[in-house]
Amino acid sequence: MATIVTAAALSLVASVTSASATASGDATAQTCWATGTPNIDSYNDWGYGKVQKATAPLRPGPYADCGTRETLYKDAPMTIYCHYNNKVGSTWFYVSAYPNWTRGWIYVGNITWDSAEECW
């Protein structure tokens, strides 16, 4: 038995796929910003670290899908305010990083560090 696919059926599939991609992108954006920004005045035991990879992205949220706020380079120093384990089990640090002392999130595998309190 042959299956006949109409233009209307293809159009429906395309619109559902497009809506799913948009919803997925919206969900990523919501996850990135829903985490919030820690109040650095709430933490007393700031740590210090540096980038251990050739480059490492500083992100606006603690997820790989959150985009890049700034690219950091090997041995760039940073102040570490706190750490956070996200919903997928990855550990991220909220930092202020050289050269512009931009604040953002960096993945644990990209840095060496001494200590940090838990965020929230």
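The values are calculated or read from the model by the stated rules, or taken from the named source; none is laboratory data. Note that the structure is predicted; figures quoted are calculated from it, not measured. When we count neighbours, we look across all protein chains shown, and the Cβ atoms used for this are built from the backbone with ideal geometry, even at glycine. SASA here: full protein model, heavy atoms, side chains in, ligands and nucleic acids out. Shrake-Rupley method; radii C 1.70, N 1.55, O 1.52, S 1.80 Å.
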Region 42-51, residues that are over 11 Å from CYS82 (Cα atoms) and open to solvent by 80 Å² or more (accessible area, probe 1.4 Å)
LYS50
If you take the residues in region 65-108 that are part of a helix (DSSP H, G or I) and either under 10 Å from the mean Cα position of the chain (by Cα) or free of Cβ contacts under 8 Å to residues at least 12 places away in the same chain (or both), which one is farthest from ASP41 (Cα to Cα)?
ASP65
The one condition PRO62 fails out of (1) part of a loop (DSSP other than H, G, I, E, B); (2) free of Cβ contacts under 8 Å to residues at least 40 places away in the same chain is (2)
Matching residues, region 34-48, being farther than 11 Å from GLY104 by Cα and either in a loop (DSSP other than H, G, I, E, B) or out of contact with any Asp or Glu (no Cβ under 7 Å at 6 or more places or on another chain) (or both)
ALA34, THR35, ASN39, ILE40, ASP41, SER42, TYR43, ASN44, ASP45, TRP46
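Results for (1) closer than 16 Å to TRP120 by Cβ; (2) at pLDDT 95 or above; (3) not charged (D, E, K, R), shown as yes or no for each residue.
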{"residue": "ALA7", "(1), (2), (3)": "no, no, yes"}
{"residue": "THR28", "(1), (2), (3)": "no, no, yes"}
{"residue": "ILE40", "(1), (2), (3)": "yes, no, yes"}
{"residue": "LYS53", "(1), (2), (3)": "no, yes, no"}
{"residue": "PRO77", "(1), (2), (3)": "no, yes, yes"}
